[in-house]
Every structure is written in structure tokens, then in C-alpha cells.
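The values are calculated or read from the model by the stated rules, or taken from the named source; none is laboratory data. Given the structure is predicted, the values throughout are model-derived calculations rather than measurements. Every residue, glycine among them, receives a Cβ derived from its backbone with ideal geometry; neighbour counts consider all protein chains shown. The accessibility values were calculated without ligands, DNA or RNA, using every heavy atom of the protein model including side chains. Shrake-Rupley method; radii C 1.70, N 1.55, O 1.52, S 1.80 Å.
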Amino acid sequence: MALLEVRELSVTYRPRDGVPVRAVDRVSFDVAEGEFVGLLGESGCGKSTLGNAVLRLLDKPAAITGGTVVFDGTDITTAREETLRSMRWARISTVFQSSMNSLNPVITVGAQFEDTFQAHGIDPGHRAAELLAMVSLDPVVLRRFPHELSGGMKQRVALALALALSPRFVLLDEPTTGLDVVVQRSILDRLRELQVELGFAVLFISHDLGTVMEMADRVMVMYAGEIVEDQPARAMTAAQLHPYSRGLLGSYADPRAAQISVTYVPGRPPDLSREQRGCRFAARCPMVVDACLSEHPELLPAGQGLARCLMVDSPAIPGGFAVPGRARVDTAEGPPVLAVRDVVKDYRGGTRAVDKVSFDLHSGRVTALVGQSGSGKTTLAKLVTGIERPTEGSVRFGATDVGALRGRKLRAYRRHVQLVFQDPFAALNPTSTVAYALSRPLRNHLGLSAAEAGERAADLLEVVGLAPAAQYLDKLPHQLSGGQRQRVVIARALAPEPAILVADEPISMLDVSIRAEILELLDRLARDRGIAMLYITHDLLSARMLADEVLVLSEGRVVEGGPTLRVIRHAEHAYTKLLLDALPKPV
Amino acid sequence: MTEAAQVAAGRPARLPGWFVILWRNRKCRIGLVMLLVFVALAVLAPWITPYGPREDDYPPSIGPVAEHWLGTTARGEDVLSQLIHGARTSLLVGLAAGVLSTVIALAVGLTAGYLRGLVDEVLSFFTNVALVVPVLPLMVTLAAYAPVKGLWLIIFVISVTGWAYGARIKRSQIITLRTRDYITAAKFAGDSTARIIVREIMPNMTSLIVVGFMGACLGAIGGEAGLAFLGLGDPQTTSWGTMLNQANNGGAMLTGQWAWLVAPGLAFAALMTALTLINFGVDALSNPHLRED
Amino acid sequence: MRYFLRRAGFFAATLWAAVTLNFLIPRLQPGDPAEAIVSRLSGETRIVDPAQVEAIRKMLGVPGGNLLAQYGDYLSAVLAGDFGVSYTYFPYTVTHMIAEGLPWTVVLVGVTQVVSFVAGTLLGAWAAYRRNSRVDSLITLGSTFVGTLPFFWLALVLIYVFGFTLNWFPAQGGYGGGSSPGWTWAFFSDAVQHSVLPALSLLIVGPVGWIIGMRNNMVQTLGEDYARLARARGLTRRRIALTYGARIAVLPNVTGFAIALGGILGGTVLVESVFNYPGLGRMMLEAVSNRDYPLMQALFLFITIGVLAANFLADVLYGVLDPRVRGEEAA
């Protein structure tokens, strides 16, 4: 008997004034004693809901509507509150997604450890300090309040807290999302060591493919509320059984490889508030046959595990969604569109965000600024776009000194430099239609009439791949998917026909399976339209795919720069190497 | 059918989204119906009241009888007629002072929140001062100095003393809104500051503005009743506050005229309940945590 | 420390603003304010006592004089605690009258408001703890309804029922004719008897705001990740509700208490006038109807200072309760 046995588990959201949505649909799986299982899926697939259901922590309007969760012989779904309470943490513990908010803000870290021991009648002794030492934290942290700790420290505290009562099973729900890659790496390494040392079982929920493949013994892939594939990690890396897993794994590559090819899965997941017939992936699947539309596949043994696909025995269609790699140009030609020279930016309080940075942007070329949060990359974007003025040095656009622009002239300059934002949900006004958002730059910068702007807006949507445009013009942002929104954001940036496009982490908030699609679009726009692009990212893989030139930024300085291939494949600076070492290494 | 007729026929099916959400909330629906009744009473007052509110040719200080359902005042006026006319005053004060103080709150809050810097410091200081100054004593003081007494004076006094809370809330809302990416995007699209405030920021504050307006209405109606009860209102206007004032001074308790005493209070409470219930619905629009599940 | 200094600075500035507002209000009317007041007094067929004119002059300074000089005189008088002579209670000074009325109001408002706050916060926490249960609906709907009742009207109903009809408690005044103020048992019990109805009318409506505020805050905090994680950690429901819910949800109520005080002190004007209670509120109303401007203005200023002091205390308390605010000092 396995430690955790989930059988036919279903979870339904029943909002008061909305259609019920079955977020988790008859899911079954086991986790054995000491096993490290990864649960991989994209936003909205139901993986976090599944995690909460396993812990019986669902809040209204979500509720378990069927199936059982048996942990060590006890059925969690029907256990009495008091039975459950004594089991919790002593045997099952968890680390939440947003540890930023998982600690009580008004009591000290130490008090939260004490709370935990007290609830289970255990004498704390010096346990708390020992636990903190285990995750490489000083005992002083016990006397601190959560707001006095950094994100990484909070996450370490959360991990130490999860191990406080030596549980046999720990559920980790996106435990390092939102942290810097180097911090992520050190926490994950420590987690793996502790898991081996203490022998607890783990269910690791994440959308971060590389990390899951590297950490887990066995990986389950979830799509639209169902598990579609379940295989040992090694076997899955070698051969994926389900076309969705194939697409998902295809979207990841090691940026250091000599040749990389990255794919994407077009389309979007089905609407679970509707009745589902047939295979839920059919609409996006390159291998779809008629039977897929009418027959719902079961999760059946295949390969070294299980898969939910009618076509599992057919040979995979090669390159179903491939983006062809493209040769990079190593040398720039002609004068730069924008020249940044020895720029320094100091903020009040004496912090130096940017320190003597110089680079050029050339027409039709992509320059990537790579760095972690706080490295100064966003400040540089603000300097380039004229939102901030440099303390020293200059930013020149042709003959224009960007740092000296104000008012009307600054507005005129912005016709030539446009922004693509990180979060497509925040970048579009929720109360304005797509047509309105696109018409503003057209009317203001190009002086078009309302009718002309309407026509041009439709053209722009077609350019960014939203066709037929008429279908999208009257939509409000919430009616679009994340990928579609980001396309609208890009279309708006293209509207005034800018010479420079500043793209600040444009894919980091998007689902893994569609990232390559957006990168391909940005790449095409830069080449075809001769736009000089400043691509800001913390992600070396996307920099490798898109950029001609990479600048590695640390604490406001450029520590290394040059042609993409050279910087990533033959890094010289220690910091660049540190970033590269932090990349997950899928088995 | 012509095209225009088709459009007209299609109208009822396309009620604005916010109204549908409000209407779906049971509490809010009750509130809307109650408010509608008050509005109807206020508008139709001259036609549905049995007597004029100031006609004093009836036997004074009698309890409920068939001719006077709620009895008469010490001066011989019909209480029911006064009650219905009182709804006019309360609604007028609520609407006018509500609008006025919401406008002040919006102007101050938006300016401070959007411009920040020194302007914000100064405006925020005045907002905070206005927030801690005790409102009713200030109203009393202002009303006492005023050379003329009238309903519009009351409305003015209530508005200039009641805007601060709304301004503070709107300021903090705009501070979070102004850093949103879509505001930056609008700047890059070349939009002017005025246009950004009107088209990008205001539509995202609608429910906040409505909640603020309802709160201001509640405060204004209560403020008018309080001032009138203290005898500082407009003696020419019939309002629930003046009715209670006269009931108290006219010996309603000694003569046992409970209806004269109870009716204005209950009418006031019912109107306040209606507005509060509507506010629940509006609140739920903006705060998903409070939605009933 | 910086947090407290900043708050103290704000209150000093607000105090100054209130004092200045007090100076400006009578001068807002056109013409010479003193003349206007005197002529209005004489127009109302009252005999204008020279002492009254003197008091008005004292308050308003030399007519036609430099506004700035007047302001200086006014400020130094205020600082010296000299508000002139009340002409309603001639020959007592305004300061004397305020000292008379102050204890009544402070005891009545202080006790009822603290009780309201504690009771309301507890009830609100209970409703949130039993969210969506029958208790919750009873508390929320009940308090919403009570909250819509005008409390001066409640006061009238209380007088009608308990004062006139049942004759359980005295309906008027702060103490009976039989006893006179002093540290005697007879006076004390008499004063308590008299305070029952005014206190009751404040206590019925008082907790409503705290109930609703506390419930909504706590429903929110109990939905936060830290409360969910506490549940996952096997903490008891009680412990979660107290430390991870109520402890955090009460913070906005503490600030709210200070803000609400302004409104409550305004409310005492109404309550004291209904019950003819000898506190500052009734005194203010009396000053208004007798056009006793020195007394009225001093009272307005005094009430404002009281609210400010309470605000400052609440801010200090908030700083003690919320480590995040204290944290800002270091930053």
C-alpha cells in the first residue's frame, strides 16, 4: 500500500452566480514512501486545486465532489476535523506557493514555530534553531518579524517550518516561484539533500519544467483537470507518451546547447465550465484523428508508465509545433539607433541602480539585458524610454538627448520608442476594448482619423497573428487569454511604427507552452520591420533564442557582454557562470 | 420591423452589466425596490398626501384616527402628510450633498493621488485635518454663524464637512492605479494627463465612487436629520428631523402620541436600510472577499 | 521612534489648523464680525450687556485692526487658556464652564465607547469565526438594521418607554434635585441612575460599526495564506481565529476608533440635548441658541483637541500592535 493513494478525486468550483467548473476531474495517483513526485502543469490546469484537495484545505466555492484521498490508511476526505488536525503537519506538511504571505505578519518567526509545536503537544526545546540551521539560517531569525526577511529567507523559514515535526509527506506548491534563479537553485539543492537525508515523500507542484524534470523521480503531467501522463522522469525526458507532454517538454531546451530548437503548443486549454466530449487536448493536438473528438481516452499503461491518449502507439509527428532556429548575425552594420554612454543612475538615499553602462541598439537587431531582480535592468529600460533621467552619462536617439526631454518633446520621442510589458493582465485597461487601446497611439502619434485608426488597428491585429481581426476588436481584455493579450500589447507597441521596442520580460508571465510563440513573433517583427529591440530578461534560454547580443547585468554594472553564442556558451565572468549553473539540468 | 425599432426592442435584454450584478444580489435588490418606493413617494407627495404638510386647521395633538392615520401635531397638522413630504427633503439633501461631497472628494483625491509630490502633501494634510475635526460640532458652529437659514445652507455645510473620508480612499486607490502598466502604456500612446484620468483611471474606480457616493448620501441624510432635530435646520422645510424636534418639544410623550414619535424614526431607518443594502451589492462588486458564497 | 515623531508632528500641525479655523470661522462673514454679532444680539430684543460686548471683543480682537495682529492676540490668548467670559453663565469664564461640563461628557462617552468597541469587536470576530452560519447572519443583519436607526430617535423612544411609560429611570438631567455634586454615595448612585438611558442610547448603536468592520476584516484575514497554512499546520480553530485572524483584523479597527471619535463626540451633542445631560454637548447647543460665541468657539476647539489627543493615542497603540509600522522607523 502506498503512502498516499488518491482515487477518482474530483473538485468542483460552484460560484454563486456562475457556472460550476470541475477543476479536478477523477484524478487517481499514488505517492510511495520516500518518493519524489513532480506534478507538472500550466496555469488553470487544476494542479494547485488538486494540492489543496489532498490537504483538504479547499475554501468555498471549491469542494471535493467525489473520490477519496487515503493517507497512510486514513481517508482524508471523510476524516473528522480533530483526526485531521492531529495528522496535519505531524505527518503531512506543506510549503505554499506564495510564501511572501504564508507567515503571520504580526508575530515573530519564533512564535510561529512555537505555535506549531504547541498544537501537537511537543516540547520545542531548541528544535526551532536546529531547523533553521538545516536551511542555512541564523537562529536570530526566530526573533524577526516576517516583513524583516527577504523573499528567499521567508521561503527557507517556510521550508524549515514544514519539516518541523518530521513529516512523512511534504506537498510543495510552486515553492520557489518568484525568487531569483540563484536563490531558487540554492533552496532546491538544499531541499533535495534534506529529502534524501530525512526520507520524506514529496509531491512537487510546479509549472517550471526544467526544475520538475531535474528534481522528481516520477513526473505526472496535468492538463484541463486530468492527469494525461505519468512516467518516471528519466523515461519521460527520453520519450513523452502524450502529445501535450511532448509539446511542453519541447518548449524547454538548455541554452548552452550548440543547436537548440524550441516548440510551442498553439491554442488554449478548453473551457471547463462546458461539457467535455472526447479528448480535452484534441483542439491543440497535431496528431488528432476523428476518434479523439468523440471518445474520451482513459489513463492506461503505456511506455514505462501511464498515458491518456488514443494515439499513444502511433509514431509522434516530428516537429509538430517547431520553431526553426535561425542563424545569428554577429556584427552590427551602420550607425546605432540608440546610444547609451556611461550611464549612471542614483536614487535618493544614495543607492546606485545603474553604474556606468554603455551599449548601442541597432536597427533589426535584438540586444538582451540579462540579470536578476535588483540588477538595474528595469532602471535601464526607464532611462531608455525617458521615464527616468540619468544622473550621469547620456542616452542619445540620433541627435536627441533623451535625458533632456520634457513634456511635449518627450511625448514626441515616445512615438519612436515603445514598450512591451511583463504582465499582459496589467498592461491593458480592463474597461477598454482592444480597438480603443490600439486607436490611441494611432490617433495621437500618427494623427489618423477615427476611421483610419480603426482600419489600421485591424491590420495590426493581423500582423500579430490575431486573425480575423474583427473577432478581437470589440473584446475586453478579460475575454482574451494571456497569450492573446500579450499579442494585443505588442500590436499597440507597433502602432506608432517605432524605431525601438523595449520588451521587459514579455514572456515570463505566460504559460510555458506558448512562450516560444511570442518569442517567434517578436523575432519576426524585429527582423521584418527593422526594429531595434531591447529585450530584458532573467531567462537565458529566451535570450539565447531571440537576441543577437547579450549584456549580463549585476548590481548595476555590465559584467559581461558580446554576441549571444559567445556569452552563453563560453562565459568568462564568474557571475555569468553562476547564472548558468543555476539553470535546471533535466535528467 | 425597422432597424431602429429592432434596436429599441433589443434594449431591455442589454441592461448594463453592473446593474445585472447588483440585481442578482438579493439584499441589493430589496434595497433598490425600497429606494424606488421612497423616490415615488417623494415625487408624488403633493398628489398622494391627504392634506398639506403645513395645514394646521385640524384638532391638535390627537392620536391615530381614520382621518389622520398617524395623528396630528401640537399645531394641528397631519403627521402622515408631513412624513411623506419629509421623504422629499431627505432624498434631496442626500442626493445634493452626496453629489457635492463626492465631487469635492474626487477632485481632491484625484489631484493629490495623481500628481503626488508637494501638491499631495498639502492636500493630504487638509484631508487629514478635515477627517479628525468633529463634524457635527463644526456643522453646528457653521450653521450658527450663517446669516441665513435654508435647506441649501444645510446641504452646503454637510458637503464641506463630509468629503474628507472619500477623498482619502480615492487618493489611495488612484495611487495604486497610476502605477499600473496600462497607465504607462497610455502615456506612451501619447494620451494627455486629463484623458488618462478620465478614460483610464476613472472607469476603474466606478464602484469605489459609487460606494463613496452612497456613504456620503447616508451621512448627509443623517446629518440633516441631526441638525434639524437640534433646531438648526430650515424652519420652513418639513423634514423627519424637524418632525422629531417638534414631537419632542410639542409634548408627544406627554400626550402619548407614539405614532408621531415613532413614524419619522422608522421612515428614516427604512431609507437608511435601503441605501445600506444597495451599498452591500456595490461593495460586493469591487471586493470579491465579501461576495456571498 | 521616527513613526511616533512623524505622528506627533502631524498632530501639532493639525492642532494649529484647528485653532486657525476657529479664528477664521467668525471672520468669514462680511463686515466687522464683532459689530455684526453685537447688532444681531441687540436685534433679538436682548439687552446687550457690556460684559458680553467685552467678551466678543476679547474673542475677536480690535475691530478693523490688522488681521495678522488679531491672529497674534488670539493665539497668545489661546495659549494662555484665556477664552474670555461666557455670557450665558455670566460671570463665569469659558474655561470654568468647560471644566464643569467636561467630566460628564468624558465619563459618558469614554465608558460607552470603550464598551461599544470591545463588544463590537468581539461580536464581529464571533460572526467571522462562524462565517455563513445562523449566528453570523443574525449578527450582521441585526447590526446592519440597528445601524440605520438614528440614535437621537432611539433616545426619544427610550425616554418614552423607560422614562414616561415604565418610569424606571429618570429621563432628564445628570443628577436629581435631591443631591448636589460631590463625592457622596447619594450623588454617585443618582448620577449613575441618570446616566442609564443616555448610555443605553449610545450603546445600542455604538458597536454596529465595529461589528461590521471586524467581521469583514477577519473574513479577509482568515482567507489569507497565513491562516490557511496555520490550518494545514494543525493549529486549533480557536488558535487560528485568535492569532491568525482577530489579532490582525483588529488593527484597522484601532485606527477606525480614533477616526470615529470625531463623529461620536458630535453624537453627544444630540444625546445630551435629548436627555438634558450637563455635558459639553448640551453646553455647546445652549451656547449656540444663546449666541454665546466665546463659549461655542472654545467648545469647538476643545472637542477638536480631544479628538486629536485620542487620535494620537490610537496611533501610538497601533505602532505598538503592528510590527510592520514599527519596522518603518528602521527603514
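Summary of values
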| quantity | calculated |
| --- | --- |
| Qualifying positions in segment A:364-390 - in contact with a Leu (Cβ under 8 Å, 6 or more places away or on another chain), in a helix (DSSP H, G or I) and open to solvent by 10 Å² or more (accessible area, probe 1.4 Å) | A:LYS377 |
| Residues being at the interface with chain C (Cβ under 10 Å from one of its Cβ atoms), open to solvent by less than 30 Å² (accessible area, probe 1.4 Å) and of a type in the set (Val, Ile, Thr) - total across segment B:217-267 | 1 |
| Segment B:122-132 - residue that is within 21 Å of the chain's Cα centre (by Cα) and either outside any helix (DSSP H, G or I) or more than 8 Å from every other protein chain (Cβ to nearest Cβ) (or both) and, of those, modelled with the lowest pLDDT | B:ALA130 |
| Selection status of A:SER136, among the polar types (S, T, N, Q), within 14 Å of another protein chain (Cβ to nearest Cβ), within 29 Å of the chain's Cα centre (by Cα) and farther than 19 Å from C:GLU224 by Cβ | no |
| Qualifying positions in segment B:186-216 - over 17 Å from B:ALA112 (Cα atoms), within 14 Å of chain A (Cβ to nearest Cβ) and either in contact with a strand residue (DSSP E or B) (Cβ under 7 Å, 6 or more places away or on another chain) or β-branched (Val, Ile, Thr) (or both) | B:PHE188, B:THR206 |
| Qualifying residues in segment A:296-312 (those that are free of Cβ contacts under 8 Å to residues at least 40 places away in the same chain and in a strand (DSSP E or B)) - the one farthest from A:ARG280 (Cα to Cα) | A:PRO301 |
| Elements of type helices (runs of 4 or more DSSP H) contained in segment B:149-192, each with 3 or more residues being open to solvent by 40 Å² or more (accessible area, probe 1.4 Å) and under 26 Å from B:GLY231 (Cβ atoms) | B:151-162 |
| Hits in segment A:76-118 (condition: open to solvent by 20 Å² or more (accessible area, probe 1.4 Å) and in a helix (DSSP H, G or I)) | A:GLU81, A:GLU82, A:THR83, A:ARG85, A:SER86, A:MET100, A:ASN101, A:ALA111, A:GLU114, A:GLN118 |
| Helices (runs of 4 or more DSSP H) within segment C:244-331 that include 2 or more residues within 11 Å of chain B (Cβ to nearest Cβ) and at pLDDT below 85 | C:247-275, C:280-289, C:293-321 |
| Test: residue in segment A:518-541 that is in a helix (DSSP H, G or I), farther than 30 Å from A:ALA437 by Cα and open to solvent by less than 30 Å² (accessible area, probe 1.4 Å) | yes |
| Residue within segment A:414-427 that is part of a helix (DSSP H, G or I), more than 9 Å from every other protein chain (Cβ to nearest Cβ) and at pLDDT 90 or above present | no |
| Checking A:GLY38 against (1) more than 27 Å from the chain's Cα centre (by Cα); (2) away from chain C (no Cβ under 11 Å), the condition it does not meet | (1) |
| Output for segment A:94-113, where each listed residue is within 11 Å of another protein chain (Cβ to nearest Cβ) and farther than 21 Å from C:GLY223 by Cβ | A:THR108, A:ALA111, A:PHE113 |
| Among (1) more than 29 Å from the chain's Cα centre (by Cα); (2) modelled with pLDDT of 90 or more, the one test that A:THR379 misses | (1) |
| Whichever residue in segment B:166-185 is charged (D, E, K, R) and over 24 Å from B:PHE280 (Cβ atoms) and, among such residues, is farthest from the other protein chains (Cβ to nearest Cβ) | B:ARG171 |
| Boolean, B:VAL99 is part of a helix (DSSP H, G or I), over 30 Å from B:VAL39 (Cα atoms) and β-branched (Val, Ile, Thr) | no |
| Wholly within segment A:440-496, helices (runs of 4 or more DSSP H) carrying at least 3 residues that are among the charged types (D, E, K, R) | A:450-463, A:482-494 |
| Residue under evaluation B:LEU92, criteria (1) closer than 30 Å to B:THR184 by Cα; (2) open to solvent by 30 Å² or more (accessible area, probe 1.4 Å); (3) under 22 Å from the mean Cα position of the chain (by Cα), criterion not met | (1) |
| Filtered residue count, segment A:542-564, keeping only those that are open to solvent by less than 20 Å² (accessible area, probe 1.4 Å), among the acidic types (Asp, Glu) and either assigned to a helix (DSSP H, G or I) or in contact (Cβ under 8 Å) with a residue 40 or more places away in the chain (or both) | 1 |
| Boolean, A:ILE76 is in contact (Cβ under 8 Å) with a residue 24 or more places away in the chain and under 29 Å from A:ALA164 (Cα atoms) | no |
| Selection from segment A:320-359 of residues that are in a strand (DSSP E or B) and either open to solvent by less than 40 Å² (accessible area, probe 1.4 Å) or at pLDDT 95 or above (or both) | A:VAL323, A:LEU338, A:ALA339, A:VAL340, A:VAL343, A:VAL344, A:LYS345, A:ALA353, A:VAL354, A:ASP355, A:VAL357, A:PHE359 |
| Matching residues in segment B:29-77 - criterion: being more than 30 Å from B:ILE278 (Cα to Cα) and hydroxyl-bearing (Ser, Thr, Tyr) | B:TYR51, B:TYR58, B:SER61, B:THR72, B:THR73 |
| Which numbered condition A:THR68 misses (of (1) open to solvent by 10 Å² or more (accessible area, probe 1.4 Å); (2) within 8 Å of another protein chain (Cβ to nearest Cβ); (3) closer than 26 Å to A:PRO20 by Cβ) | (2) |
| Selection from segment A:125-149 of residues that are touching a residue at least 40 places away in the same chain (Cβ under 8 Å) and in a loop (DSSP other than H, G, I, E, B) | A:VAL135, A:SER136, A:PHE145, A:LEU149 |
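Yes/no per residue for (1) part of a helix (DSSP H, G or I); (2) over 18 Å from A:ILE514 (Cβ atoms):
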residue	(1), (2)
A:LEU191	yes, yes
A:GLU229	no, yes
A:ARG234	yes, yes
A:GLY267	no, no
A:VAL288	no, yes
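Table: residues versus (1) over 20 Å from the mean Cα position of the chain (by Cα); (2) surrounded by 18 or more Cβ atoms within 10 Å (Cβ to Cβ); (3) part of a helix (DSSP H, G or I); (4) within 14 Å of chain A (Cβ to nearest Cβ).
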position: C:TRP183; (1), (2), (3), (4): yes, no, no, no
position: C:PHE188; (1), (2), (3), (4): yes, no, yes, no
position: C:SER195; (1), (2), (3), (4): no, yes, yes, no
position: C:MET218; (1), (2), (3), (4): yes, yes, yes, yes
position: C:THR221; (1), (2), (3), (4): yes, yes, yes, yes
position: C:LEU229; (1), (2), (3), (4): yes, yes, yes, yes
position: C:GLY234; (1), (2), (3), (4): yes, yes, no, yes
